[in-house]
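Note sheet for the following structure.
The values are calculated or read from the model by the stated rules, or taken from the named source; none is laboratory data. Because the structure is predicted, anything quoted here is derived from the model rather than measured. A quick note on method: Cβ atoms are made from the backbone with ideal geometry, for glycine too, and the neighbour counts reach across all protein chains shown. Just the protein is used for accessible areas: all its heavy atoms, side chains included, with ligands, DNA and RNA removed. Shrake-Rupley method; radii C 1.70, N 1.55, O 1.52, S 1.80 Å.
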Amino acid sequence: MQIVVVGEGMIELSRAEGGLWRLGHGGDTLNTAIHLARMDRSVRYVTALGDDPFSATLLQDWAAEGIDTSLTLRDPTRMPGLYAITTDEAGERSFSYWRGQSAARRTLSLPGSEAVMAEAEQADLLLFSLITLAILDEPSREHLFDLAQRVRARGGRVAFDGNYRPRLFAAQDEARALCRRAISTCDIGLPTLEDEAMLVGAVSAEEVRDHWLALGAGEVVVKLGADGCLVTGVGIVPPPERLSPRDTSGAGDAFNAGYLGARLDGLSPADAAVRGHRLAGWTVMRSGAIPARDDDLPR
């Protein structure tokens, strides 16, 4: 099965032991794409980079992870976005971003984007997030909504993660409107209670589930962090074990990959949630949004 992921892959700066900054890569949908590729999935990443050395390194690194970058466009006038991660003693992370002029903002409005759309609509699963919509320019947003409709018309499925970052929007109403449109296009909705509380004032996972179902999502999994997730038709699915995280960066993205991969394998939503928890748990016990592979990596 072919998975197409749309978003922004950025340069990541994270603190290594000794206080030095380590250079890597990350981004919500990119993190999910890499985890899926590590499961030997066919994953194509739709974004835009520049013609600079950093962009070339990102492409090489993504390809080394098994991602098909043939749908990644190049904008010679721009460069990749950049973010830095800091973590507190409990492993909770905070981010600083430099992405206002990133190449990814014009992903689906650059020359060559029509050919990318034609290839992407063949996807068995299309994934994007509210962050994807936040960083895209207006023409690219419309092209993405059109792509989602075309994927579904051809029998593919669409997954949407409601990742909400207030600083990426000029106004909260803009974020709400985009989120509602995206929910109406998705077969699998992946909201987080914390984000929905900020965006629409939700106070419970059940409220989030009902809200997304009413807007047209076919299957909803509400992520609750350490408390597990609420799965439509199942109820709360707790994580297999309680952990003391080292770094919570990318936990939700890893959950998405575990869950979606399991659903593509034909597992039930409940079993898929357990697989998502295992991958998220592996991630939070290591540094960085995309930790290096090791022998304990869940399959």
Looking at 97, 83, which is the one that is surrounded by fewer than 21 Cβ atoms within 10 Å (Cβ to Cβ), under 16 Å from the mean Cα position of the chain (by Cα) and not polar (S, T, N, Q)? 83
Residue tally, condition under 26 Å from residue 58 (Cβ atoms), open to solvent by 10 Å² or more (accessible area, probe 1.4 Å) and of a type in the set (Gly, Ala, Ser), over segment 279-299: 3
Give me the residue from segment 20-40 that is of a type outside the set (Phe, Trp, Tyr) and assigned to a strand (DSSP E or B) and, out of that set, farthest from residue 129 (Cα to Cα). 22
Candidate set from segment 8-29 (those that are among the aliphatic types (A, V, I, L, M) and either over 19 Å from residue 64 (Cα atoms) or out of contact with any Ser or Thr (no Cβ under 8 Å at 6 or more places or on another chain) (or both)); member that is most open to solvent (accessible area, probe 1.4 Å): 20
Would it be correct to say that residue 195 is open to solvent by less than 40 Å² (accessible area, probe 1.4 Å), more than 26 Å from residue 41 (Cα to Cα) and under 19 Å from the mean Cα position of the chain (by Cα)? yes
Between a first residue in segment 270-299 that is free of Cβ contacts under 8 Å to residues at least 12 places away in the same chain and a second residue that is among the polar types (S, T, N, Q) and part of a helix (DSSP H, G or I), which pairs have beta carbons less than 9 Å apart while being 6 or more apart in sequence or on different chains? 291/283
Taking segment 76-105, which residues are outside any strand (DSSP E or B) and either out of contact with any strand residue (DSSP E or B) (no Cβ under 6 Å at 6 or more places or on another chain) or more than 25 Å from residue 139 (Cα to Cα) (or both)? 76, 77, 78, 88, 89, 90, 91, 92, 99, 100, 101, 105
Answer yes or no as to whether residue 146 is assigned to a helix (DSSP H, G or I), touching a Gly at 6+ places or on another chain (Cβ under 7 Å) and modelled with pLDDT of 95 or more. no
So the check is Cβ under 7 Å with 6+ separation or different chains; which pairs have a first residue in segment 236-262 that's on the phi > 0 side of the Ramachandran plot and crowded, with 20+ Cβ neighbours inside 10 Å and a second one that's of a type in the set (A, V, I, L, M, F, W, C) and assigned to a loop (DSSP other than H, G, I, E, B)? 250/289; 250/290
With the checklist (1) under 12 Å from residue 35 (Cα atoms); (2) in a strand (DSSP E or B) in hand, flag the one item residue 254 doesn't pass. (2)
Somewhere in segment 266-278, is a residue among the polar types (S, T, N, Q), buried (at least 24 other Cβ atoms within 10 Å of the Cβ) and either modelled with pLDDT of 95 or more or in a helix (DSSP H, G or I) (or both)? no
Matching option when the condition is of a type outside the set (Gly, Ala, Ser), open to solvent by 40 Å² or more (accessible area, probe 1.4 Å), closer than 28 Å to residue 242 by Cβ and modelled with pLDDT of 95 or more, among 174, 219, 207: 207
Would you check if residue 158 is β-branched (Val, Ile, Thr) and over 19 Å from residue 28 (Cβ atoms)? no
Residues of segment 125-141 satisfying the condition of being open to solvent by 10 Å² or more (accessible area, probe 1.4 Å), out of contact with any strand residue (DSSP E or B) (no Cβ under 9 Å at 6 or more places or on another chain) and either within 14 Å of residue 28 (Cβ to Cβ) or in a loop (DSSP other than H, G, I, E, B) (or both): 137
Taking segment 66-75 and keeping only residues that are in a loop (DSSP other than H, G, I, E, B), closer than 14 Å to residue 40 by Cα and either open to solvent by 30 Å² or more (accessible area, probe 1.4 Å) or among the basic types (Lys, Arg) (or both), one is left with 66
Consider only pairs whose beta carbons are under 8 Å apart and that are at least six residues apart or on different chains; among these, list those whose first residue lies in segment 160-172 and is under 20 Å from residue 94 (Cα atoms) and whose second residue is assigned to a loop (DSSP other than H, G, I, E, B). 161/191; 162/191
